[in-house]
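Trainee: This is the structure, below, for whatever I ask next.
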Amino acid sequence: MHSFFTRINNVSALLSSCTMALLAAITIASLLQEAIYPPQINGQISMKPVKVFHAKTPRQRRKQEMGFLNFNMTADLTPLFTWNTKQLFLSLEAEYENIQGVNNTIVLWDRIVRRPEDARVKIIGAKNKYAFKEIGGKGFGKGAPGNASYALKYNLMPYVGMLRYGEAARLSDVPFDVREEL
Amino acid sequence: MARENQNFFRSFTHRNTMSSAIQDYLEGKIDFVGQQRVDEVARIWLFSFTALSFVIGFALQSLKFSFMLLGASTVVLCVIVLPAWPMFNRHPVKWLPVAGGDTKQ
């Protein structure tokens, strides 16, 4: 502390330690808050039977089974927003079993929520954002078990701390409505 | 012989007053009691403001407020502690007087 520069050195070192301690305290506080008051999210998904056509996008060579969704969804995710929440990543995922008996999960719709004001999800008559097709070929069309489950999953990204995953809503046993070629 | 050596070495310890004044000002020396005080003030200030910013930020549920408070308190601390204020120079080191003349010559 004898000269100007050593004082700068010492104060900045102390400040770094204090900042790290503050971040650690925030992380621990968030962990405790989640353990003591776990957020209860109840959401609803409703869907008509998923239409499956043999179709292809302009860049594909062959025709393939593609599914088309029409769903309604409501969920109130405001309990998830604390002082340590940076953003929420919501995704609607379909889980189904294909012809070979392999379980697949595919993300069909997603949204990033940055403010608690936007955390109430209410969607009516939406379509899937991303193509619903099995990359290897035959998945959910003729011959496959004709049901899939749809889940609204969230990924909470904090400012400091570990990522948290959870499920906000689930709809099971939605049948596939396989149509003839377009 | 020894006295001539003493005078010879004294001519090197005497510096040009103008540049030495500027250098001393920029170096920002403070005496030992001042250094101790600066150390205590910096530690107590930063510890308490860290705790305060956590508590108030948690109460207001705002991370931005916590870090703004910590930043503002650091700026004020720098103003209080970094420059060599006269209050940190109130206890200069008491040097003993130069030992009396040579015994030989």
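Trainee: Averaging sequence separations of C-alpha pairs under 8 Å and six or more residues apart, then dividing by the length of region A:27-182, give the relative contact order as a whole percent.
Mentor: 30
Trainee: Any of A:51/A:153; A:56/A:133; A:51/A:122 with alpha carbons more than 21 Å apart? Name them for me.
Mentor: A:51/A:153; A:51/A:122
Trainee: Stretched out fully, how many nm does the piece from residue A:129 to residue A:48 gain, at 0.36 nm a residue minus the Cα gap?
Mentor: Here the segment from residue A:129 to residue A:48 would lengthen by 27.5 nm.
Trainee: Among the chymotrypsin sites (Phe, Trp or Tyr not before Pro) within region A:98-182, which fall in a DSSP loop and have no more than 13 other Cβ atoms within 10 Å of their own Cβ?
Mentor: Listed in order of number, the matching sites are A:130.
Trainee: What full-extension length gain, to one decimal in nm, is calculated for residue B:60 and residue B:21 as 0.36 nm per residue of separation minus the Cα-Cα distance?
Mentor: Length gained between residue B:60 and residue B:21: 9.1 nm.
Trainee: Please give the helix A:4-36 orientation as an angle from the longest Cα principal axis of chain A, in degrees from 0 to 90, rounded to the nearest 10.
Mentor: Once rounded, the angle reads 40 degrees.
Trainee: Expressed in whole Å with the largest first, what are the equivalent ellipsoid semi-axes of the protein assembly as shown derived from the C-alpha gyration tensor as the square root of 5 times each eigenvalue?
Mentor: Semi-axis lengths for the protein assembly as shown are 74, 22, 14 Å.
Trainee: Once you have all Cα-Cα distances for region A:38-94, histogram them in 5 Å bins from zero and send the whole-percent values.
Mentor: Binned Cα distances yield the sequence 4, 13, 17, 15, 13, 12, 10, 9, 7, 2.
Trainee: Next question, about the same structure. What is the calculated FRET efficiency for residue B:31 to residue A:32, with r their C-beta to C-beta distance and R₀ = 51 Å, to the nearest 0.05?
Mentor: That pair, residue B:31 with residue A:32, gives E of 0.65.
Trainee: Given 10 Å bins starting at zero, what is the percent of C-alpha pairs of region A:27-182 in each, up to the one with the largest pair distance?
Mentor: Once binned at 10 Å, the Cα pair distances of region A:27-182 give 10, 36, 28, 18, 7, 1.
Trainee: Using a Förster distance of 22 angstrom, determine the FRET efficiency expected from the C-beta separation of residue B:44 and residue A:3, and round it to 0.05.
Mentor: The pair residue B:44/residue A:3 has a calculated efficiency of 0.50.
Trainee: Of all the stretches in chain A, which is the longest one without any exposed loop site, taking trypsin sites (Lys or Arg not before Pro) in a DSSP loop (any state but H, G, I, E, B) with at most 10 other Cβ atoms within 10 Å?
Mentor: My reading of the result: A:63-182 is the longest stretch.
Trainee: So for the protein assembly as shown, taking the charge dipole from beta-carbon charges (+1 Lys/Arg, -1 Asp/Glu), which of B:54, A:172, B:42 sits furthest toward the positive end?
Mentor: Positive-end residue among those listed: A:172.
Trainee: While we're on this one: Among A:58, A:47, A:4, whose Cα lies farthest out toward the positive end of the dipole of chain A, if unit charges sit on the beta carbon of Lys, Arg (+1) and Asp, Glu (-1)?
Mentor: Toward the positive end, the furthest listed residue is A:58.
Read the figures in this text as sums done on the coordinates, not as results from a lab. Just so it is clear, the model here is predicted, and its values are computed rather than measured. Cβ coordinates were reconstructed from backbone atoms using ideal geometry, including for glycine residues, and neighbour counts include every protein chain displayed.
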